[in-house]
Amino acid sequence: MTKRTSSPFRFDIVGSFLRPEELKSARADFEAGELTQTALTKIEDAAIIDLIHKQEKIGLKAVTDGEFRRSWWHLDFFWGLQGVEFFVPEHGYFFHGEETRPGTVIVTGKISGEKHPFVEHFKFTRAHTSEGIEVKQTIPAPAQILVELLRPDVLPKVRQVYPDNESLIEDIVTAYRQVIADLYAAGARTIQLDDCTWGVLVAPLPAGFISEDEKPEKVVRQELAQLYLEINNAVLVDQPEDLTLNTHVCRGNYHSTWAASGGYEDVVEPLFTDEQVDAYYLEYDSERSGGFEPLAKVTGAKKVVLGLITSKDGKLEAREQVIARIHEAAQYLPLDRLYLSPQCGFASTEEGNILTEEQQWKKIALIKEIAEEVWKD
């Protein structure tokens, strides 16, 4: 087996961790105007340093800041861009059995990527991580902000600045490339694009996705897939050779609920064939993700991280069943190109999933134990 020196590693994580209660309380006090930004940052700093130590102690070769400075996995990045601001819509996102708290973004001016706060966040994490341990920076995929800005309740605000999608996409791509260049200059060598857009495409399309000219859903799905591929690849191509760019495909992860259900068959082309990433972190923790057959279409030397361990509850998976599923996946993609992780983060938003911190770490310990037995590297 080939020993890895950059993400993905044989046992890995997606990115987010459950927020400690002290951090949750501090953020609530800050939102209520009872805590200053300086005081909140101090508490965030301490929580992140503690998290880094815990990740290193359990043996992870790539760590994150747990997304502890964020409220949302995606919106905080969006409003860190110039020309984008937070906005509270009438409704949240509709998940299976639960509506999220409301939140989105609007455009208030030309979008650009200078001085993004995530760059300083990365520098802090890197400064407190041991030598030889990788710091993975997670950001939402470019397609994700495009979908957000094309929402029917957001689009009118966007059109005040961008009369057409072409100019909007051009500025999104330029902004993303600026942020990635700044992260790279700060020392980032692994960046992960978290992407729910493909997760939407595997399921029946919501009403807002069907075009007004009444095209068949299959045609709309194909057109959207090509659009998402093009905007993502425009950011991914021509990056430094020593910069690893991975992606995580998600069907929704909010307070242990999910938003979409369906196998990868409908997005194999172009996701697995043409997206210019080094590795895919894929949900495979339930029947909602379908079978492993689509993995046979993953092109080139690209790798797949099997998200066989759920982050949505605290019950530990049966070790032998997970091992059997890894070998089942190896029928379609060589074992040397497979890796293991949770299916998603433990807290894609600050609410977190419904499990304890102790259960969270036991999940990671199980992943490590299984990976060491399967790959022995």
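The values are calculated or read from the model by the stated rules, or taken from the named source; none is laboratory data. Just so we're clear, the structure is a prediction, and the values are computed from it rather than from any experiment. Neighbour counts are summed over all protein chains in view; Cβ atoms, including those assigned to glycine, are modelled from backbone coordinates with ideal geometry. SASA here: full protein model, heavy atoms, side chains in, ligands and nucleic acids out. Shrake-Rupley method; radii C 1.70, N 1.55, O 1.52, S 1.80 Å.
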Please enumerate the residues belonging to segment 48-68 that are charged (D, E, K, R) and more than 15 Å from the chain's Cα centre (by Cα). D50, K54, E56, K57, K61
When you check P152 against the structure, is it farther than 30 Å from S6 by Cβ and at pLDDT 95 or above, yes or no? no
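Let me confirm something: among A185, A225, which residue is touching a residue at least 24 places away in the same chain (Cβ under 8 Å) and among the small types (G, A, S)?
Values: A185 fails: touching a residue at least 24 places away in the same chain (Cβ under 8 Å).
Result of the check over A185, A225: A225.
Is it the case, given these coordinates, that V119 is open to solvent by 10 Å² or more (accessible area, probe 1.4 Å), within 30 Å of V161 (Cβ to Cβ), touching a residue at least 40 places away in the same chain (Cβ under 8 Å) and not in a loop (DSSP other than H, G, I, E, B)? Spell out how you get there, then give the answer.
On the way: open to solvent by 10 Å² or more (accessible area, probe 1.4 Å): yes; within 30 Å of V161 (Cβ to Cβ): yes; touching a residue at least 40 places away in the same chain (Cβ under 8 Å): yes; not in a loop (DSSP other than H, G, I, E, B): yes.
For V119, the condition - open to solvent by 10 Å² or more (accessible area, probe 1.4 Å), within 30 Å of V161 (Cβ to Cβ), touching a residue at least 40 places away in the same chain (Cβ under 8 Å) and not in a loop (DSSP other than H, G, I, E, B) - is met.
Just to be sure before I move on: is T64 buried (at least 21 other Cβ atoms within 10 Å of the Cβ), in contact with a Ser or Thr (Cβ under 8 Å, 6 or more places away or on another chain) and at negative phi in the structure I sent? Explain how you work it out, then say what you get.
On the way: buried (at least 21 other Cβ atoms within 10 Å of the Cβ): yes; in contact with a Ser or Thr (Cβ under 8 Å, 6 or more places away or on another chain): yes; at negative phi: yes.
In short, yes.
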Restricted to segment 52-66 and to residues being touching a strand residue (DSSP E or B) at 6+ places or on another chain (Cβ under 8 Å) and part of a helix (DSSP H, G or I), the residue farthest from A347 (Cα to Cα) is E56
Which condition breaks for G352 when tested against (1) touching a Lys or Arg at 6+ places or on another chain (Cβ under 8 Å); (2) within 16 Å of F9 (Cβ to Cβ)? (2)
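Yes or no, residue by residue, for (1) closer than 19 Å to F9 by Cα; (2) touching a strand residue (DSSP E or B) at 6+ places or on another chain (Cβ under 6 Å):
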| site | (1), (2) |
| --- | --- |
| A203 | no, no |
| K218 | no, no |
| I231 | no, no |
| E241 | yes, no |
| Y254 | no, yes |
| D274 | no, no |
| R288 | no, no |
Please count how many residues of segment 122-151 are outside any helix (DSSP H, G or I) and either open to solvent by 60 Å² or more (accessible area, probe 1.4 Å) or more than 27 Å from L201 (Cβ to Cβ) (or both). 8
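Restricting to segment 94-106, name every residue that is surrounded by 17 or more Cβ atoms within 10 Å (Cβ to Cβ) and over 21 Å from F17 (Cα atoms).
Filtering segment 94-106 for residues surrounded by 17 or more Cβ atoms within 10 Å (Cβ to Cβ) gives 95, 100, 103-106.
Result: T104, V105, I106.
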Residue list for segment 161-193, filter: closer than 30 Å to T129 by Cβ, open to solvent by less than 50 Å² (accessible area, probe 1.4 Å) and not in a helix (DSSP H, G or I): A186, G187, A188, T190, I191, Q192, L193
If a residue must be in contact (Cβ under 8 Å) with a residue 40 or more places away in the chain and of a type in the set (A, V, I, L, M), how many such residues does segment 21-47 contain? 1
